[in-house]
1. Once you have the alpha carbon radius of gyration of segment 3-75, what is it after dividing by 2.2 N^0.38 Å, with N set to its residue count?
2. If you plug each phi of segment 44-55 into the Karplus form 6.51 cos²θ - 1.76 cosθ + 1.60 with θ = phi - 60°, what whole-Hz ³J(HN,Hα) values come out, in order, with x for Gly and Pro?
3. With a Förster radius of 35 Å, plug the Cβ-Cβ distance of Leu36 and Thr62 into 1/(1 + (r/R0)^6) and report the FRET value to the nearest 0.05.
4. Applying 1/(1 + (r/R0)^6) with R0 = 22 Å to the Cβ-Cβ distance of Asp47 and Glu70, what FRET efficiency is obtained, to the nearest 0.05?
Amino acid sequence: MEYSDTEQIVNQSFEFPVTHAAVVEQIGAIEITSPLGDSVTIQDILDPLEEESYLTSDALYTAIIGNLDETFIGRKYYDDRGGTSFGPVSRDESTVSF
């Protein structure tokens, strides 16, 4: 599944609070796929956290999404705002916008 589907799965699968064991039993085997095609199970994401329970769906969702590795963030160092350059900066006053 895409990581963007995670919130919907969390909201539909549980009534909160929910124990870590119940989460792993019910959705732990679901794989989340990165944009590069790598995948990881929800159990693999949550096990290192050593949480006993999750009080809300937001807490569980944040625990899952917040602990995905860098392969899930897309293009590293990408900035769609422009203006960021590496190296010497030269100013051309004719291209300044206000």
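1. 1.03
2. After applying 6.51 cos²θ - 1.76 cosθ + 1.60, I find 4, 6, 8, 4, x, 6, 6, 7, 8, 7, 10, 6 Hz.
3. 0.95
4. 0.70
We did not get these values from a lab; they are worked out from the coordinates using the rules stated. All values derive from a computational prediction rather than experimental measurement. All Cβ positions, even for glycine, are placed from backbone atoms using ideal geometry, and neighbour counts span all protein chains on display.
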